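**Q** My questions will all concern the structure given below.
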Amino acid sequence: MTKHFNKLTSLVLGTTLVATVASAAGGGELEKVMKARGLTENDVIRAAKTYNPTGGRDEFIVFSSGGQSGQVIVYGVPSMRILKYIAVFTPEPWQGYGYDVDSLKILRQGNIRGREINWGDTHHPALSEKDGKYDGRWLAINDKANPRIAIIDLHDFETKQIVSNKVFKSAHGGAFFTPNSEYILDAAQYAAPFDNNYHPIEEYKESYRGGVTIWKFDDKIGKIIEKDSFTVEMPPYMQDLSDSGKGVSNGWGFTNSFNTEMYTGGIEVGMPPNEAGMSRNDTDFLHVYNWEKLAKLAKDKKNVKIINGHKVIPIEVAVKNDALFLIPEPKSPHGVDVSPDGEYITVCGKLDTHASVYKWSKIKELIKSKKYTGKDPYGIPILDMKSSLHGQVELGLGPLHNQYSPVDGEIYTSLYVDSQVVKWNYKTLKVLDKENVHYNIGHLCGMEGKTADPQGKYIIALNKLAIDRFQNVGPLHPQNHQLIDISGKTMDLLVDMPLPLGEPHQAVAIRAEKLHPHVRYKMGTNSKTGKEHVGKTLAGQERIERRNAKGKIDPKGKNVFIYSTFVRSHINPERITVNKGDNVTMYMTNLERAQDETHGFTVDNFNVHASLEPGETAEINFIADIEGVFPYYCTEFCSALHLEMMGYLMVKDPNKKYVSAQKIKMGTMNKEQLDAEYKKTVAVNDATDAVIQSVVAFLKANKFGDHKTVAALVTDAFDQYGQIPAQKKLADEAYKKGDIEKAILFENMIWQLMVKTADVGIRAKDALVRLVATKQSASAQAGERTFGEGGCSGCHVIGKVSSGPDLTGALQRHENGEKWVSKFILNPEEMYDDPYVKSMIDYFNLKMPNQHMNEQETKDIIEYLKWIDENANLF
Ligand code: CUK
Ligand code: CUA
């Protein structure tokens, strides 16, 4: 019934919106589009709720697991636009991840028992917290297949650490930060022996173990401290999802499990399959443990066993110290989610139609009074299920995961089998609404929906199947993330987003304003360590060194070190000659300060690649084991002369004799011709410099220093301009020595620097004009858009005579100027005989065409022209 009401309201609202927009656009443009694309009013409202105009930003940023891609996917809400893939457990060539020395070191931190692992199965990203709320600093994510946790720095969205679990063979119930990011909880999944030896499956109960690893996290440096981390041994039940307590339950952790049957399958020997044996019991166990107490216990040697160099607290020690308990939970549960205040713990049984809501105060009381119903085979006290439950609710088929909203008691649960999201109240235990999703939803993601301070507004359904929702791209389909509006009484599905990268499990969303990533590095930074790179090279310090095995400079040494720099549009050095077999290390510093001026680097055929963000120093290393000539180049289209940003690595065999090629005689310019070219080049440079000086004068006159963004652009521009005197000196010297050809080339270099300066300078000027000009009326704004999109700007450039006259002052040029201009825009043909128009046609050899503007557009353009005249001094 409420659904019906909702549809009706949106319909009414929709009609109003369409009417408003349609009248504003004039001519029912929106209706036309709707008709052409077959959109309903509701579709249009949903589009308006998710659309970001060009340059627009999102309110929330989502970090989604990348599933089997081993990466993290970043996208915005509500636009659902993908912003980044973060390389984590998998090499990623664009970012150079795994192809340069420093990132390869991070990737190799994830080796297990010496074995290189180049993929991961990421499930649960977690954002660092302060008082149970996101602080926007660090992101942790687990790998289920190869039990590891990675830490990503949100100052540059790069992976900075990977730690592998020394006792687990698989881990699923992580990563979950404790409320002040003191620890990260990470539960095992498939029980296995903690040591690395063979143990027959018949000894499952004796030798196989589950557990929860409690990783110590230093939130100042964003690193897991392995020596202060430990694992709590648990029975070989398959531990699954976990959550950290918060508020009233702070200090505790909750992990559920399946296969408390401890069944071990054996189809091949005639046993019923795992899926039957592991789901026989009506209940499994929710593990309740006091991580705060366990962390204290782990500090004392006598409480821990060391296995594979890692601390393990045995079950008996945890039990003896009242730090580990079990509570029955409905069979084969999946998600366990603690409420924002920490009082309610909701467990979803994927084979049960119910959600079970446990109450922390009840659990605490049972623990305090030591009221146990018994012990499990490993001696862990069991608390009574009924006495710890607040209640159970029938939700539907296959409930999996939960998220919270700011509304008291409101919770959203995914129903895998029913393909629905259900909204209900965990306090009153009432179901409120259901929404169909497509299809087979796993996790769902609320906005900060599992923190102490959920933000509401949206829920994202992370569906496992897309089936028919998108164009068929072959048997392997993309995943389907669906954005649902939860701000109304009932849910409203807004939009589908195909995600073609692995099968995401959990995703977490944070308010965008809580993130403060950098736009550049301090010059010479090793982004993976945050420290100055040993290979930092500044302009003028470029060099090639040959060293011996002891690291001493030695012309006979076999280790070649290249200290290189990158700046638009050249790599220094441009020629590198080494001997076959040399061990080549290349340090590369991107000298740019300008935002988004990344250079990439590769040497053809050597399987190396680096991405150099502004200010970054990176390192590649390879053995030059094949002879030949290998071009190297910048792999990012960074400027008009990007293709020229290249050089040659030449590898010669020291044991070979090379006969030099016969040189071909080619025609060259004579001295007069060279001299003429030189003079022309210098003249062009002088003219270009004059343009730059006029921009500089404008910037100074309008106090650019008062505006941070403009000042930053000006700094970028002068970075380029400042390099000119050195080049000029070289040009003059060459000219004096009579090497005119060289002098021309240096003058050309000066021109390149000037163009780059002018490019940024003009951008700065445009930005400054916007800041100091009077405010545009809505009509003038619309006029400017029409001027640009309607074709006027093709001939008219404001402030300049172009292929048409400058329009500054156009309204003053004629009596009754507004009327005159308006008439001319609407019907130019009728005025070709007007003496003024005639003279313009003669001068420009062009007629003003009819651009078919309507009355409103013409009016807007005139408002825009008025605004130009008001600010004529700026153009
Ligand atoms: S799990 Cu995949 S849907 Cu790994 Cu959190 Cu539930
Ligand atoms: Cu640097 Cu292209």
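**Q** Quick check: anything in the stretch 115-127 within 16 Å of ligand 1 (Cβ to nearest atom), aliphatic (A, V, I, L, M), open to solvent by less than 20 Å² (accessible area, probe 1.4 Å) and not assigned by TED's automatic domain parsing to the domain that holds Pro614?
**A** There is at least one residue in the stretch 115-127 that is within 16 Å of ligand 1 (Cβ to nearest atom), aliphatic (A, V, I, L, M), open to solvent by less than 20 Å² (accessible area, probe 1.4 Å) and not assigned by TED's automatic domain parsing to the domain that holds Pro614.
**Q** Please go through the stretch 452-473 and pick out each residue that is open to solvent by less than 30 Å² (accessible area, probe 1.4 Å) and aliphatic (A, V, I, L, M).
**A** Ile459, Ile460, Ala461, Leu462, Ala466
**Q** I would also like to ask the following. Looking at the stretch 165-192 only, could you name the residues that are aromatic (Phe, Trp, Tyr) and under 27 Å from the mean Cα position of the chain (by Cα)?
**A** Listed by number, the residues that qualify are Phe176, Phe177, Tyr183.
**Q** Out of the stretch 235-250, which residues are touching a Lys or Arg at 6+ places or on another chain (Cβ under 9 Å) and buried (at least 17 other Cβ atoms within 10 Å of the Cβ)?
**A** Correct list: Pro235, Pro236, Asp243, Ser249.
**Q** Here is a follow-up. Looking at (1) at negative phi; (2) modelled with pLDDT of 95 or more; (3) open to solvent by less than 40 Å² (accessible area, probe 1.4 Å), find the lone condition where Ser279 falls short.
**A** (2)
**Q** Of these, Ser242, Ser229, which one is assigned to a strand (DSSP E or B), under 30 Å from Leu389 (Cβ atoms) and not hydrophobic (A, V, I, L, M, F, W, C)?
**A** Values: Ser229 fails: under 30 Å from Leu389 (Cβ atoms).
Testing whether each residue is assigned to a strand (DSSP E or B), under 30 Å from Leu389 (Cβ atoms) and not hydrophobic (A, V, I, L, M, F, W, C) leaves just Ser242.
**Q** What do you reckon, is Lys296 open to solvent by 10 Å² or more (accessible area, probe 1.4 Å), in contact with a Phe, Trp or Tyr (Cβ under 6 Å, 6 or more places away or on another chain), assigned by TED's automatic domain parsing to the domain that holds Lys362 and not in a loop (DSSP other than H, G, I, E, B)?
**A** no
**Q** Please state which one of Leu641, Leu649 is open to solvent by less than 50 Å² (accessible area, probe 1.4 Å) and away from ligand 2 (no atom under 16 Å from the Cβ).
**A** After ruling out the rest, the residue left standing is Leu649.
**Q** Tally up the residues in the stretch 186-214 that are buried (at least 24 other Cβ atoms within 10 Å of the Cβ) and part of a strand (DSSP E or B), please.
**A** 9
**Q** If you don't mind, another one. Out of the stretch 722-745, which residues are open to solvent by 50 Å² or more (accessible area, probe 1.4 Å) and part of a helix (DSSP H, G or I)?
**A** Pro725, Ala726, Lys728, Lys729, Leu730, Asp732, Glu733, Tyr735, Lys736, Glu741, Lys742, Leu745
**Q** State whether one or more residues within the stretch 141-153 are within 10 Å of Ala175 (Cβ to Cβ) and more than 16 Å from ligand 1 (Cβ to nearest atom).
**A** Yes, because at least one residue in the stretch 141-153 is within 10 Å of Ala175 (Cβ to Cβ) and more than 16 Å from ligand 1 (Cβ to nearest atom).
**Q** Right, something else. Give Val12, Val21 a once-over and let me know the one that is outside the structural domain of Gly446 (by TED's automatic domain parsing), modelled with pLDDT under 95 and exposed (fewer than 15 other Cβ atoms within 10 Å of the Cβ).
**A** Exactly one of Val12, Val21 is outside the structural domain of Gly446 (by TED's automatic domain parsing), modelled with pLDDT under 95 and exposed (fewer than 15 other Cβ atoms within 10 Å of the Cβ), namely Val12.
**Q** Please go through (1) modelled with pLDDT of 95 or more; (2) assigned to a strand (DSSP E or B) for Gly174 and return the number of the only condition it doesn't satisfy.
**A** Looking at each condition in turn, Gly174 falls short on (1).
**Q** Right, here's the next one. Looking only at residues that are open to solvent by less than 80 Å² (accessible area, probe 1.4 Å) and farther than 22 Å from Val755 by Cβ in the stretch 668-700, which one is modelled with the lowest pLDDT?
**A** Asn670
**Q** Pairs only if they're at least six apart or on different chains, beta carbon under 6 angstrom, first in the stretch 644-673 and touching a residue at least 24 places away in the same chain (Cβ under 8 Å), second of a type in the set (Gly, Ala, Ser); list them, first residue then second.
**A** Glu644/Ser569; Met645/Ser569; Val651/Ala624; Val651/Gly628
**Q** What is the residue count in the stretch 592-630 for residues that are modelled with pLDDT of 95 or more, under 17 Å from Glu532 (Cα atoms) and part of a loop (DSSP other than H, G, I, E, B)?
**A** 3
**Q** Quick one: in the stretch 746-783, of everything that is among the acidic types (Asp, Glu) and either surrounded by fewer than 19 Cβ atoms within 10 Å (Cβ to Cβ) or modelled with pLDDT under 90 (or both), which residue is nearest to Glu592 (Cα to Cα)?
**A** Looking at residues that are among the acidic types (Asp, Glu) and either surrounded by fewer than 19 Cβ atoms within 10 Å (Cβ to Cβ) or modelled with pLDDT under 90 (or both), I get Asp759.
Condition check ((1) farther than 23 Å from Phe176 by Cβ; (2) in contact with a Lys or Arg (Cβ under 9 Å, 6 or more places away or on another chain); (3) in the same structural domain as Glu365 (by TED's automatic domain parsing)) across all residues:
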position	(1), (2), (3)
Ser257	no, no, yes
Gly270	yes, no, yes
Thr283	yes, yes, yes
Ser339	no, yes, yes
Gly349	no, yes, yes
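**Q** How about the stretch 182-237: which of its residues are β-branched (Val, Ile, Thr) and over 29 Å from Asp135 (Cα atoms)? It would help to see each step written out before you state the result.
**A** In the first step, residues of the stretch 182-237 are kept if they are β-branched (Val, Ile, Thr); the result is 184, 201, 212-214, 221, 224-225, 231-232.
Once the filter is applied, which keeps residues that are β-branched (Val, Ile, Thr) and over 29 Å from Asp135 (Cα atoms), the stretch 182-237 yields only Ile201.
**Q** Could I ask something else about it? Collect the residues in the stretch 319-365 that are crowded, with 19+ Cβ neighbours inside 10 Å, over 23 Å from Val421 (Cβ atoms) and not charged (D, E, K, R), keeping them in residue-number order.
**A** Passing the criteria: Ala323, Leu324, Phe325, Leu326, Ile327, Pro328, Gly342, Trp360, Ile363.
A quick yes/no check of all residues on (1) within 16 Å of ligand 1 (Cβ to nearest atom); (2) open to solvent by less than 20 Å² (accessible area, probe 1.4 Å); (3) outside any strand (DSSP E or B); (4) not basic (Lys, Arg):
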{"residue": "Lys370", "(1), (2), (3), (4)": "no, no, yes, no"}
{"residue": "Thr413", "(1), (2), (3), (4)": "yes, yes, no, yes"}
{"residue": "Asp433", "(1), (2), (3), (4)": "no, yes, no, yes"}
{"residue": "Gly442", "(1), (2), (3), (4)": "yes, yes, no, yes"}
{"residue": "Lys450", "(1), (2), (3), (4)": "yes, no, yes, no"}
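**Q** Out of all the residues in the stretch 566-593, which are open to solvent by less than 20 Å² (accessible area, probe 1.4 Å) and within 12 Å of ligand 2 (Cβ to nearest atom)?
**A** Of everything in the stretch 566-593, those that are open to solvent by less than 20 Å² (accessible area, probe 1.4 Å) and within 12 Å of ligand 2 (Cβ to nearest atom) turn out to be Phe566, Val567, Arg568, Ser569, Ile571, Met588, Asn590, Glu592.
**Q** Can you confirm whether the stretch 623-634 contains a residue that is within 12 Å of ligand 2 (Cβ to nearest atom) and open to solvent by less than 50 Å² (accessible area, probe 1.4 Å)?
**A** In the first step, residues of the stretch 623-634 are kept if they are within 12 Å of ligand 2 (Cβ to nearest atom); the result is 632-634.
Narrowing further to those that are open to solvent by less than 50 Å² (accessible area, probe 1.4 Å): 632, 634.
Yes, the stretch 623-634 contains a residue that is within 12 Å of ligand 2 (Cβ to nearest atom) and open to solvent by less than 50 Å² (accessible area, probe 1.4 Å).
The values are calculated or read from the model by the stated rules, or taken from the named source; none is laboratory data. From a predicted model like this one, the values you see are computed outputs, not experimental measurements. Counting neighbours? That spans all protein chains shown, and the Cβs are built from the backbone with ideal geometry, glycine included. The area values use the complete protein model at the heavy-atom level, side chains included, leaving out ligands, DNA and RNA. Shrake-Rupley method; radii C 1.70, N 1.55, O 1.52, S 1.80 Å.
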